[in-house]
Amino acid sequence: MHRQMTEQEIISSFDQAIKEGQIYVEYQPKYNHSTGRLIGAEALMRWNHPEFGEQVPNDFIPVLEQYGLIHRADLYVFEEICRFHNSCPNYMLPISFNISRHDLFGHDYVNEVEAIRRKYEIPVQYFHAEITESSAIGGFDLISNAVKQFHEKGYLVEMDDFGSGYSSLSILKNLPVDFLKLDLRFLAGEGLGGRGGIIVNAVVLMARWLNTPTLAEGVETIEQADFLKSIGCNYVQGYLYSKPLPKEDFLMLLLAHDIE
Ligand code: C2E
Ligand code: CA
Ligand code: CA
Ligand code: CA
């Protein structure tokens, strides 16, 4: 019977899900808007349960967070990315991994990730850390330390979901990130013609003045793409270009594509 799992089912089957590879990773390509070239991808966690089928990340991930399981899941995703890199003929493009606030709390997360990367001997430039802006809620120090630590180790950091939190500007001011990801679903609302478009335009300008490249995510229409190009947004990601892909398909894409 295919359905979303209950909290209890999620908690009790998590261990087995990791062991059996029910939890896996898809890769959503990111493109340079002006050259059309592939520049990397975001790793996204998936769970295909043998009985209940494919689970929705926005449903099961908050449960993993709430019950202290996300840390293991995210380290697993990171290790999967390492295995993916090692399955490529040579290392190709950076893959970004999502970090939950709960990964940082009570864990030496950056060093744990580092230990895995070193085990697989993959150069640090093939990973980007994605930290969501809203993870600053209830503790700016936590993410600011994480960003500092990631930088010390040589990782680039992308600020995820910029504009979705309630203190975007102060975060932008205080956190020196390497990319700003704007989720069009937060910033544009009904369309880019009205106030949403003005705000997106202003954010891209502001980021440029801060020397921080912008990546728009959730790009679904040609109108959005044209608008983003016209305002000088650097990178794009969204269904218009590609859905998140199984690793085999992403590898094919990598091999076929003109790498930047
Ligand atoms: P996110 O980090 O903001 O990831 C982007 C989400 O937007 C993904 O949803 C992606 O599939 C979806 N998306 C991409 N392009 C489009 C588009 O054009 N239109 C629309 N409507 N959606 C698009 P997904 O994979 O369901 O993940 C949802 C959220 O779950 C992520 O949001 C992230 O917060 C969390 N998540 C996913 N993977 C991981 C992970 O490995 N670790 C952690 N901690 N969180 C994760
Ligand atoms: Ca993300
Ligand atoms: Ca996002
Ligand atoms: Ca998110």
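Checking every residue in the stretch 236-247 against the condition of being of a type in the set (D, E, K, R), out of contact with any strand residue (DSSP E or B) (no Cβ under 8 Å at 6 or more places or on another chain) and outside any loop (DSSP other than H, G, I, E, B) gives zero matches. Within the stretch 218-235, one or more residues are touching an Asp or Glu at 6+ places or on another chain (Cβ under 7 Å) and either part of a loop (DSSP other than H, G, I, E, B) or in contact (Cβ under 8 Å) with a residue 24 or more places away in the chain (or both). Looking only at residues in the stretch 42-95 that are small (Gly, Ala, Ser) and within 9 Å of ligand 1 (Cβ to nearest atom), the one that is farthest from Phe250 (Cα to Cα) is Ala73. A single entry from Phe140, Phe162, Phe84 fulfils the requirement of being more than 18 Å from the chain's Cα centre (by Cα) and hydrophobic (A, V, I, L, M, F, W, C): Phe140.
Of the residues that make up the stretch 113-125, is at least one hydrophobic (A, V, I, L, M, F, W, C), crowded, with 22+ Cβ neighbours inside 10 Å and more than 24 Å from Ser87 (Cα to Cα)?
no
Here Ile10 passes the criteria (1) surrounded by 13 or more Cβ atoms within 10 Å (Cβ to Cβ); (2) out of contact with any strand residue (DSSP E or B) (no Cβ under 6 Å at 6 or more places or on another chain); (3) within 29 Å of Gln237 (Cα to Cα) except the one numbered (3). Taking the stretch 226-249 on its own, how many of its residues are within 16 Å of ligand 2 (Cβ to nearest atom) and touching a Phe, Trp or Tyr at 6+ places or on another chain (Cβ under 6 Å)? The total comes to 3. Among what's in the stretch 75-92 and is among the aliphatic types (A, V, I, L, M) and under 20 Å from Arg46 (Cβ atoms), pick the residue that is surrounded by the most Cβ atoms within 10 Å (Cβ to Cβ). So, considering only residues that are among the aliphatic types (A, V, I, L, M) and under 20 Å from Arg46 (Cβ atoms), the one surrounded by the most Cβ atoms within 10 Å (Cβ to Cβ) is Ile81. When the stretch 1-38 is filtered for residues that are within 16 Å of ligand 1 (Cβ to nearest atom) and among the acidic types (Asp, Glu), only Glu26 remains.
Within the stretch 36-69, the residues that satisfy the criterion of being touching a helix residue (DSSP H, G or I) at 6+ places or on another chain (Cβ under 7 Å), more than 16 Å from ligand 3 (Cβ to nearest atom) and in a helix (DSSP H, G or I) are Phe60, Val63, Leu64.
State which residue is farthest from the chain's Cα centre (by Cα) when the search covers only the stretch 1-28 and only residues that are among the charged types (D, E, K, R) and assigned to a loop (DSSP other than H, G, I, E, B).
Restricting to residues being among the charged types (D, E, K, R) and assigned to a loop (DSSP other than H, G, I, E, B), the top hit is Arg3.
Residue-by-condition table, conditions (1) out of contact with any His (no Cβ under 8 Å at 6 or more places or on another chain); (2) of a type in the set (A, V, I, L, M):
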position	(1), (2)
Leu180	yes, yes
Leu184	yes, yes
Ala207	yes, yes
Leu210	yes, yes
Asn234	no, no
Gly238	yes, no
Tyr241	yes, no
Leu245	yes, yes
Leu254	yes, yes
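Which of the residues spanning the stretch 152-187 are under 19 Å from Asp141 (Cα atoms), without any contact (Cβ under 8 Å) to a residue 40 or more places away in the chain and of a type in the set (D, E, K, R)? Once the filter is applied, which keeps residues that are under 19 Å from Asp141 (Cα atoms), without any contact (Cβ under 8 Å) to a residue 40 or more places away in the chain and of a type in the set (D, E, K, R), the stretch 152-187 yields Glu152, Asp161, Lys173. Scanning the stretch 93-112 for residues that are buried (at least 18 other Cβ atoms within 10 Å of the Cβ) and either β-branched (Val, Ile, Thr) or away from ligand 4 (no atom under 16 Å from the Cβ) (or both) yields a count of 6.
None of the figures in this text is laboratory data; all of them are computed from the coordinates on show. Note that the structure is predicted; figures quoted are calculated from it, not measured. Neighbour counts run over all protein chains shown; Cβ positions are idealised from the backbone, glycine included.
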